[in-house]
Amino acid sequence: MDIVTQSKLLLLTLGAAPVLWLMIGLSLLSFTIIVERALYFRSVRADLPLLVAELSTHLSNGDVDAARTALRDAVSVEAEVARAGLREWQRGPRAVREALSSALAVQRNVLERRLGVLGTLGNNAPFVGLLGTVIGIMLAFDELSRAGQTAQATQGVMSSIAEALVATAIGLCVAIPAVVAFNAFQRRVRSILRNSEALAHLLLIHLDPLVAGSSLRPVQARGNGLSLNAGE
């Protein structure tokens, strides 16, 4: 018996049911990730104009402690990045830049958590469903070859093909919400990171003069850039 015949017998023995159960499991996984990420992004929503106004007011007055207090109860990603910079302001501009860059990298990983799984499901679920459809069609033609060209056999083949197409339908039902959610979450991640970078640059504008005017002797930055996707 050659490998083609063995593979055919294996697929006919397994049938499309394992693929359908796999698709149901993937749909539950996709739904869980979508709900978890949606709740997370909702929980870290920030009122950025208000945050910028408060920080600008306090830092313009040279009151770093008041700026820290304004950020103390904030749970947004932008506030977390700003807190990281304010913690290091007395160590000089270079320390502030490094702290902001590090905080942005950490928060990017948090924001993108599980999105890779969602993207993979969106891209590959239709192919898994197609596998179930192919197996179902193989079963239909195997039934036709064994039953002959009778009306009852034809009806059985059509029924088997209809059932096989269910696998493709389930695959699309998994893929479409996953792709839509993945794209929406990616846009949200980019928006949050842009806001965080803008807030980081705002801090640098105010903190650099504060450090320069203090009695401290901070470590001077080599180069002129915070690696925040900006050309500083």
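The values are calculated or read from the model by the stated rules, or taken from the named source; none is laboratory data. On a predicted model such as this, the values are computed, not experimentally measured, just so you know. When we count neighbours, we look across all protein chains shown, and the Cβ atoms used for this are built from the backbone with ideal geometry, even at glycine.
From the set of residues in the range 2-21 that are part of a helix (DSSP H, G or I) and of a type outside the set (A, V, I, L, M, F, W, C), which is modelled with the highest pLDDT?
Among those residues, the one meeting the criterion is PRO18.
Restricting attention to the range 93-100, does a residue exist that is in contact with a helix residue (DSSP H, G or I) (Cβ under 6 Å, 6 or more places away or on another chain), without any contact (Cβ under 8 Å) to a residue 40 or more places away in the chain and closer than 30 Å to LEU28 by Cβ?
No, the range 93-100 has no match at all.
May I ask you to verify whether ARG37 is of a type outside the set (Asp, Glu), buried (at least 19 other Cβ atoms within 10 Å of the Cβ) and in contact with a Leu (Cβ under 6 Å, 6 or more places away or on another chain)?
Here the answer is no, as ARG37 does not meet what is asked.
May I ask you to list the residues in the range 72-105 that are of a type in the set (A, V, I, L, M, F, W, C) and crowded, with 20+ Cβ neighbours inside 10 Å?
Answer for the range 72-105, where residues must be of a type in the set (A, V, I, L, M, F, W, C) and crowded, with 20+ Cβ neighbours inside 10 Å: VAL77, ALA79, VAL81, ALA82, ALA84, LEU86, TRP89, VAL96, ALA99, LEU100, ALA103, LEU104.
Which of the residues spanning the range 45-69 are under 15 Å from PRO209 (Cα atoms) and outside any helix (DSSP H, G or I)?
Passing the criteria: ASN61, GLY62, ASP63.
Can you find, within the range 175-232, the residue that is modelled with the lowest pLDDT among those that are charged (D, E, K, R) and out of contact with any helix residue (DSSP H, G or I) (no Cβ under 8 Å at 6 or more places or on another chain)?
Per the criteria, the residue is ARG217.
Just to verify a result, which residue in the range 152-203, among those that are surrounded by fewer than 18 Cβ atoms within 10 Å (Cβ to Cβ) and among the small types (Gly, Ala, Ser), is farthest from PRO93 (Cα to Cα)?
ALA153
Let me spell it out: the conditions are (1) aliphatic (A, V, I, L, M); (2) out of contact with any Asp or Glu (no Cβ under 7 Å at 6 or more places or on another chain); (3) more than 30 Å from ALA162 (Cα to Cα), and ALA70 meets all of them except one. Which number is the exception?
(2)
Under 6 Å between Cβ atoms, at least 6 apart or on separate chains: pull out the pairs that start in the range 107-119 with a residue that is without any contact (Cβ under 8 Å) to a residue 12 or more places away in the chain and within 17 Å of PHE31 (Cβ to Cβ) and end on any residue that is of a type in the set (D, E, K, R) and surrounded by 13 or more Cβ atoms within 10 Å (Cβ to Cβ).
Final answer for the pair search is none.
It is to be established whether one or more residues within the range 67-81 are out of contact with any Gly (no Cβ under 6 Å at 6 or more places or on another chain), more than 18 Å from ASN195 (Cβ to Cβ) and aliphatic (A, V, I, L, M).
Looking for residues that are out of contact with any Gly (no Cβ under 6 Å at 6 or more places or on another chain), more than 18 Å from ASN195 (Cβ to Cβ) and aliphatic (A, V, I, L, M), one finds none in the range 67-81, hence no.
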